[in-house]
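Below is one structure, written out as structure tokens, with a few remarks after it.
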Amino acid sequence: MNREEEIKAAIVVLPEEILFASPEENNASQAVAFYSHQLTEFVQTVDTKLTRAEAISLTALIIKDALQHFKEDPELVTQLKQIAKELRGLRK
């Protein structure tokens, strides 16, 4: 694969995601990407034989499972609501 093909392979745009984002949304998206990357790095330390793609897939499964835990645990939802309230209080 040449450099141009690598760049094209790295760019993923879904039609429903083509929209203008505010600077706050961009910053938040960058934070999600950063911490997803950190989690993937950690996953690779747990099993160093995983390929990068496998580690990313496992990271996606971890996030999926976390979402299910939030849905099933009322205490987590309560905590999430409290954190959301605090974040709203930080608005300018």
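What follows is calculated from the coordinates using simple rules that are stated; it is not laboratory data. As the structure is a prediction and not an experimental result, all values here were calculated from the model. FYI the Cβ positions are ideal-geometry reconstructions off the backbone, even for glycines, and counts take in every protein chain you see.
Among all residues of region 50-64, there is none that is of a type in the set (Ser, Thr, Tyr), surrounded by 10 or more Cβ atoms within 10 Å (Cβ to Cβ) and either within 23 Å of Leu87 (Cβ to Cβ) or in contact (Cβ under 8 Å) with a residue 60 or more places away in the chain (or both).
Among the criteria (1) assigned to a loop (DSSP other than H, G, I, E, B); (2) surrounded by 10 or more Cβ atoms within 10 Å (Cβ to Cβ); (3) not aliphatic (A, V, I, L, M), the one Arg91 does not fulfil is (2).
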